[in-house]
Structure formats: C-alpha cells, structure tokens
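The block underneath contains the structure these notes are about, expressed in structure tokens.
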Amino acid sequence: MIPVSEARAHLLTLVQQLETEQVPLAQAAGRVLAADLQARRDQPPFSASAMDGYAVNAAEVEQHAMFKVIGEAAAGHAFQGRAGAGQAVRIFTGAPVPEGASFVVIQEDTTRNGDLITITGAPGSNHNIRPRGGDFTDGQTVTAPKRLTPADIALLAAMNIPAIPVTRRPEIALISTGDELVMPGGTPGPDQIIASNTFGLKAMLEDLGARARILPIARDTESSLRTAFELAEGADLVVTIGGASVGDHDLVGKVAQDLGMERSFYRVAMRPGKPLMAGRMNGAAMVGLPGNPVSAMVCGHVFLAPMVRSMLGLPAPSQQHLLTAVLCAPLTANGPREHYMRANVQSGQLQAFDNQDSSLLTILAEANALLVRPPKDGARSVGDIVQYLPI
C-alpha cells in the first residue's frame, strides 16, 4: 500500500491539461478560462450620473442656490451642449454627465418652478457621478485560469468580449461492475442492489466541470468487462467502480492489463478506499475505485477531483488543501491507515458521525466534511484542532 499523498501525486502524472476551444459568451458559464482576456473599452465609457436629479457645476452648489434648466440627459441620450454658470441639465441615472457639469443634485433636494430649480436640501459632499473607467479601463485583464462564475460572465460581457477561450471539458467514462447491480428503475432480484455509485460520481464530476457518461453495467465476466472498456473509447479518463480487489470475481485489474493498461499503483493506505488501482490504458487515464458506495465517493473527492482540475488547467497540488476546525466530540485513536471520516462542520465546530460504515450513503448525504485522521493518530479530545476536507 502507498500513502494517500503518493497516490495523489501518481494520479496527477496520468493526466495533463486539455486543449483550448472557443465558446460563445452565453455558453461560457462554469467553463475554465484558458487565456487572459482584456477589456475592449472603459466602463463606464463616460462619466455617468449615479442618481436622478440635475447636473450643475460643483463650485456653485449650495443650499438655496438657483439654476436655469437648459435641457435633459437620459440613459442612451446625452445632452448635446454645455452647462454654463447658473445652468442645470435635468439628468437621469446612467446618463452621460454634460460638459461643464461636475455635480448631480438629487431631485429630492430640489424644487422646480418652470425652468428654474432651487436647491432646498443640504446637497452633501457626494457628487453622485460615476467616473469614466471607475469599474474597469480599456485593456484591464481577467487572468486565466479561473472557473467562470455568473459574475465573471457579466464582467466579460461589459468588456465587450463575445467569445471565450476555455479548456475543453474532460470526457469521463463511468463503468459500474458486478452481477449484483441493477440500474435505478429496474427490478432487482432477491440477491441484487441498485447501482448508485456511477450516479453520485457523475454528479460530482460534472459539478467540477467535466462531462461524465454512464456506461452499461459490466457483469462479472471478462467478455462483459472487455465490452465496457471498448464502449469507453475516446474518454480522457475511465473510471471503474467495483471489481478492483483480489477476490475471485474481481476481474477489472486482469482485464485492464490484458488490454494494455500500464499500472501506476494498486492499493492505498486509507479508510475507506484501500482497493484503489490506477494507470494508463489506450491513451487514457484509468482509475479503478472500490465498490462500496461511500468508498467510491470519498475516493472521488480525494483523487478524481484533483485529476479533473488538472485536466482543466486549474491548480491541483499533490498535497490536499485542508481546513481546520475545533473538535466537539472525542475520538478514539486511529489505526495504521489515513482515515476520512464523514463529519459535519458548523461555525468552526466539527463532529464526526458515530457510524463510519462505508456502505452508509445516508451518513454521507448528511455530511459536509471529511475529517482527515493521519495514520496512528492518537485519541482526540474535545477542543482539539483537527483537519478536514469540505465536501
């Protein structure tokens, strides 16, 4: 068995950043920006009013001052003139501030009689003008790599960038193995269970930015496994679930090696998830996960997630980035393997679930963290600082 950190490092050597493609801005949300982009204009492109009111010369602004209204400026319709001494331009939010004006008196601080206004309220010191380029300037850079959020999409749109260079989504093939499995919605026999791992992993991987396709269940025969691997052709990463151990019906390793897999490692010193296998096969990375539902999902968080990030060009250090919290219930000493315990973190306080059986998806669904216990970690007391991986 190898340590988790060594397995993670090996896995990252099996993948590399994928190629770049251009997508329309409207399709770029959630994609990973592959190259720096620069704004093509200032925002705002002119000094703009932040309020509805009257644009005047700031030097003339004081309570009870009077001005003559000489025109109007609205969003998309600038006033084509100059505001001189004693003159005001009726202005609305977002409109360009006319030449000669440097202060917008909000309409609530004025009274109007015909084309004359009087400042009736204390105008304050805020000029109520958004300066040209106050948000961003022409040439300002959005730096890659980054996963584009809705706010990023709005920013790029304002920068007048219609098409975005992004990293291609990794294509991941998911293969569940085992005679005991039936797809959701099927009718299981008395000795069968419903396949759940591929659905949980698909959701996880697609949330990370990959494309995942669920292949038909591979039965416990070499011919069925060969067919499943053939259906996975074209994937950047092939993930099998189950059949990676050493039992009489665990055929994944043998079939994969018969098909040319170059094994990187087998078995990791962790709980849950010890029977994990990885290598390269037919130009793709291949990872064989254990079949227990929680084991497969934990390995997805610990190992598959950094592989996807690496393929997308995002930082994926070989060492996990763990957070810390205060333990609020005692723990007994840990064994010789690194232990990923389902836990809940609230307001910096962490409590591990009492039952850590690797078949219990109900506990995983309630957890928001994996408490990471080092090998041979001693008993822990309330108030100890512990490390966890958010999930």
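The values are calculated or read from the model by the stated rules, or taken from the named source; none is laboratory data. Treat the numbers as computed from the prediction; the structure is a model and nothing was measured. No Cβ is skipped: glycine too gets one built from the backbone with ideal geometry, and neighbour counts run over all protein chains shown. Protein only, heavy atoms only, side chains kept; ligands, DNA and RNA dropped before computing areas. Shrake-Rupley method; radii C 1.70, N 1.55, O 1.52, S 1.80 Å.
Quick notes on this structure:
- Selection over segment 250-274 of residues that are among the small types (Gly, Ala, Ser), open to solvent by 30 Å² or more (accessible area, probe 1.4 Å) and either under 23 Å from Leu360 (Cβ atoms) or in a loop (DSSP other than H, G, I, E, B) (or both) gives a count of 1.
Okay, residues lined up against (1) touching a strand residue (DSSP E or B) at 6+ places or on another chain (Cβ under 7 Å); (2) within 30 Å of Ala39 (Cα to Cα); (3) not charged (D, E, K, R):
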{"position": "Val61", "(1), (2), (3)": "yes, no, yes"}
{"position": "Ala74", "(1), (2), (3)": "no, yes, yes"}
{"position": "Gly86", "(1), (2), (3)": "yes, no, yes"}
{"position": "Ile91", "(1), (2), (3)": "yes, yes, yes"}
{"position": "Gly124", "(1), (2), (3)": "no, no, yes"}
{"position": "Arg132", "(1), (2), (3)": "no, yes, no"}
{"position": "Thr137", "(1), (2), (3)": "no, yes, yes"}
{"position": "Thr143", "(1), (2), (3)": "no, yes, yes"}
{"position": "Arg147", "(1), (2), (3)": "yes, yes, no"}
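- Neighbours by Cβ (under 7 Å, 6+ apart or cross-chain): first from segment 125-145, of a type in the set (Val, Ile, Thr); second in a strand (DSSP E or B) and open to solvent by 70 Å² or more (accessible area, probe 1.4 Å): Thr141/Gln38
- Some residue of segment 159-179 being more than 30 Å from Pro24 (Cα to Cα), open to solvent by 70 Å² or more (accessible area, probe 1.4 Å), free of Cβ contacts under 8 Å to residues at least 24 places away in the same chain and not β-branched (Val, Ile, Thr): no
- Restricting attention to segment 185-206, the residues that are at pLDDT below 95 and open to solvent by 70 Å² or more (accessible area, probe 1.4 Å) total 6.
- Complete set of residues in segment 88-114 that are open to solvent by 30 Å² or more (accessible area, probe 1.4 Å), of a type in the set (Ser, Thr, Tyr) and either touching a residue at least 40 places away in the same chain (Cβ under 8 Å) or farther than 14 Å from Val69 by Cα (or both): Thr93, Ser102
- Selection count, segment 327-359, where residues are under 26 Å from the mean Cα position of the chain (by Cα) and not polar (S, T, N, Q): 9
- So Arg213, is it at pLDDT 95 or above, of a type in the set (D, E, K, R), assigned to a strand (DSSP E or B) and on the phi < 0 side of the Ramachandran plot: yes
- Close pairs (7 angstrom Cβ cut-off, 6 or more residues apart or separate chains): over 13 Å from Ala333 (Cα atoms) and of a type in the set (S, T, N, Q) in segment 372-391, open to solvent by 30 Å² or more (accessible area, probe 1.4 Å) and part of a loop (DSSP other than H, G, I, E, B) anywhere: Gln387/Leu322
- Leading residue by the ranking (surrounded by the most Cβ atoms within 10 Å (Cβ to Cβ)) among those in segment 119-153 that are in a loop (DSSP other than H, G, I, E, B) and polar (S, T, N, Q): Asn128
- Looking across segment 18-36, the residues that are assigned to a strand (DSSP E or B) and surrounded by 18 or more Cβ atoms within 10 Å (Cβ to Cβ) come down to Val32, Leu33.
- Residues in segment 130-147 that are among the β-branched types (Val, Ile, Thr) and within 24 Å of the chain's Cα centre (by Cα) were compared, and the one that is farthest from Met311 (Cα to Cα) is Thr141.
- Residues satisfying the stated conditions in segment 62-76, i.e. farther than 24 Å from Gly94 by Cα and open to solvent by less than 20 Å² (accessible area, probe 1.4 Å): Ala65
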